[in-house]
Amino acid sequence: MTAETSKEVWVYIEQEEKAIHPVSFELLGVAKRLAQDLEGITAGVLLGHEVSDLTSEIFAYGADKVYIVSHPALAYYRHRAYAKALYEVAKRYKPEILLLPATPLGRDLAGGVATLLETGLTADVTELSIDKATKNLLMTRPAYGGNIMATIICPDHRPQMASVRPRIFPMPERKEGRTGEIITVEVELSEEEVGVERIGFIPKEKTVKIELAEVIVAGGKGIGGKEGFAKLFELSKLLNGEVGASRLAVEAGWISYEHQVGQTGKTVRPKVYLAVGISGAIQHRAGMQNSDCIISINIDPKADIFKISDLGIVGDWKKIIPALIERIKKEKGLG
Amino acid sequence: MLNLLVSIKQVPDTTNIRINPETGTLIREGVPAVINPYDISALALACNLKKTYGGKITVITMGPPQARLALKEAIEYFADRIILLTDRRFAGADTLATSYTLAEAIKFLEKTDRPFDLYLFGKQAIDGDTAQVGPGVAARLNVPVITYTIKIEELDLEKRKIVVQRKTERGIEILSARLPVLLTCEKEAGHPVFSPLSAILQAQKAEPEVFGADGRIPYDLNRLGLKGSPTRVHRVYTPEIKKQGKMINLDEVGVEAAVEEIIKLFKAKGVL
Ligand SMILES: Cc1cc2nc3c(=O)[nH]c(=O)nc-3n(C[C@H](O)[C@H](O)[C@H](O)COP(=O)(O)OP(=O)(O)OC[C@H]3O[C@@H](n4cnc5c(N)ncnc54)[C@H](O)[C@@H]3O)c2cc1C
Ligand SMILES: Nc1ncnc2c1ncn2[C@@H]1O[C@H](COP(=O)(O)O)[C@@H](O)[C@H]1O
């Protein structure tokens, strides 16, 4: 799609069962900054059935406008229904930029919508800015396993589309009571054209949500086994945190994939990331380098993880982690 | 009889990727090319379905001439027909141009032979990790898509119905769809088994049918390759590393002092 656009920066608001995925708010934060550079406005696009109660949250996190499509066919996520609805809204109101979460649902949606709009889409973007001269969106993403960074542009097609993983950008400030314009859009949808129906759902027994943890104690190959990870679990519990892991630790079977941090795992940005027995390969760093404070423990003084650490401790974790646990217990009056 | 299409991509084996630190470019020498691992699952799934329901498997790929090796390997998964889309004008395609090139070829195959019941894709290609081509092709073919497929529970050819398990962030969704449908496959969707020697021998002899942008498939040349790609690489660089902070050596300062350093930071960050 080419042609004239409004100077609007849109964020697709991902909701399931009337709960908004927090990455949508993170994207509203970036959208605001981009909109300022374009002298435009920020809008959220909300699709679902009977979800209008959610608009106040979207405004609170900085949207100036909310486009909403409400339809029974949108009661739960189905590709064809959601793709058509988002496509129709974008075709009618012509945003300059459309950002989507790079969650499983967001990725599913983005590829279809970009194709319907005949525009470019950049996946897993880690940096977004506006080129001062051309006003194009600069979309930067890791390529070749994070070994290089590539800045992608979409100069002649609109909207410029990008997907962004959770926790790449910080959560913007929430302002209770902020409001804006609500635009209700009618879209025709039929069960016939959607073609897919949910007939069952098996919820995960336990979902590990390390993306939102404020403290992460992460272990790598140097932990040596499950017993070692038990220690890390003990420490993370004392800190109300979660346990993260490198891919090698996951592959060794010491901990499940849901804990994996990195390019092929999760992206995290906790207040404190404690990396224990992790060498700091680029694919691991890609998932944690935005952490506020990084502390690492490694016996190898040349380990790459030290290069990005606020505090690096050269030594054996088996000596320091048990002592740290005891010290925190004492602090909390538990020991 | 099932008519199956599998779309595969040849990718560099990224576990072995090395980058020239001076130029920031990929060192291609000695990096083996493999079939994208998720596409292997799609092939194995097709192979299983063929065993159960009978039918025909067509495997397609777009890529440079050496991608024919990936297609030859597909014969080991009992592929009946292998199609290589290769042409200089296809080069430099982003996901939009790729989905166009594949979808037009698929439409051509359907017109000259018969329609497919299932289109099987990988969840994503490990070289770019975009996961965009499957949903893109589905949009162009105007068929439903189910991503992150882990299992086919049921397939009823008479009723033209399929039941699929799909992995989501919160659990496993069970979806019923009408045929035709496009599935993108997770690792669990299909497991390769050892191919019989006869299949391996056949694979060695097999050569793909080759199509280009020469007019047999009615391509709009403006929508192919770099020309048909809305995205452009603006700049490439090696990521800069955050500055190193304080370093201490456990054996020099002792455990107690090291623990205090950590505690100090925990408190400064408000997590203790
Ligand atoms: C395409 C691709 C995607 C990838 N995705 C990811 C990803 O998402 N996440 C990820 O983590 N990796 C990923 N990897 C793998 C990555 O390249 C590294 O192999 C991996 O991160 C290394 O894990 P590690 O640091 O635990 O192991 P190692 O590199 O083996 O490091 C172990 C460290 O432990 C230290 N150690 C040993 N004993 C002790 C001790 N007693 N006390 C203290 N320190 C000790 C050692 O000095 C060493 O530095 C990916 C690779 C590829 C090619
Ligand atoms: N050049 C290609 N030729 C054939 N199939 C492809 C090609 N590129 C991508 N695909 C298919 O699309 C899936 C997703 O790829 P991607 O969107 O690049 O992550 C792959 O697993 C393949 O099934």
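What follows is calculated from the coordinates using simple rules that are stated; it is not laboratory data. Because the structure is a prediction, the values reported are computed rather than measured. Every residue, glycine as well, gets a Cβ built from its backbone with ideal geometry; the counts of neighbours run over all protein chains shown.
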Lys and Arg at +1, Asp and Glu at -1: neighbours of B:PRO218 with Cβ under 15 Å from its Cβ sum to +1
Site A:LYS329, offset 7 angstrom along Cα→Cβ, radius 18 Å on amide nitrogen, limited to the stretch A:216-246, gives A:227-241
Rounded to the nearest 10, the angle in degrees between the Cα long axis of helix B:255-268 and the longest principal axis of the Cα atoms of chain B comes to 70 degrees
In vacuo Debye sum over C-alpha of chain B, base-10 log of normalised intensity I(q)/I(0) at q = 0.10 Å⁻¹, listed in q order, is -0.60
Taking every residue of A:7-16, the Cβ atoms of other protein chains inside 10 Å of its Cβ average out to 0
Non-local residues with an amide H under 5 Å from the amide H of B:VAL6, with H modelled 1.01 Å from N and Pro and chain starts lacking one, are B:THR58, B:VAL59, B:ILE60, B:LEU120
Computed over chain A: longest principal axis from alpha-carbon atoms vs helix A:79-93 long axis, angle to nearest 10 degrees, is 60 degrees
In deg cm²/dmol, rounded to the nearest 500, the helical mean residue ellipticity at 222 nm of chain A, built from -39500 (n - 2.57) for every DSSP H run of length 4 or more, is -8000 deg cm²/dmol
Normalised Cα Rg of the protein assembly as shown, dividing by 2.2 N^0.38 Å with N its residue count, works out at 1.00
Once normalised by the length of the stretch A:233-335, the mean sequence separation of its alpha carbon contacts under 8 Å that are 6 or more apart gives a contact order in percent of 20 percent
Computed, not fitted: 222 nm per-residue ellipticity of chain B from DSSP H runs ≥ 4 (each -39500 (n - 2.57)), nearest 500, equal to -8500 deg cm²/dmol
In the stretch B:33-104, taking the dipole from +1 charges on Lys and Arg beta carbons and -1 charges on Asp and Glu beta carbons about the Cα centre, the listed residue (B:PHE90, B:PRO65, B:GLY55) farthest towards the positive end is B:GLY55
Output row, site B:ARG223, 7 Å Cα→C-beta label point, backbone N cut-off 13 Å, window the stretch B:106-142, residues B:106-108, B:137-142
Rounded to the nearest 10, the angle in degrees between the Cα long axis of helix A:226-238 and the longest principal axis of the Cα atoms of chain A comes to 70 degrees
P(r) over all Cα-Cα pairs of the stretch A:74-223, 10 Å bins from 0 to the longest distance, whole percent per bin, short to long, reads 9, 28, 34, 23, 6, 1
Partner shielding of A:320-332, as the mean number of partner chain Cβ atoms within 10 Å, equals 3
Relative to the compact-globule estimate 2.2 N^0.38 Å (N residues), the Cα gyration radius of chain A stands at a ratio of 1.09
One point scatterer per Cα, no solvent, Debye formula: log10 I(q)/I(0) for the stretch A:70-124 at q = 0.20, 0.22 Å⁻¹ comes out as -0.71, -0.86
In chain B the DSSP beta bridges are antiparallel at a rate, in percent to nearest 5, of 40 percent
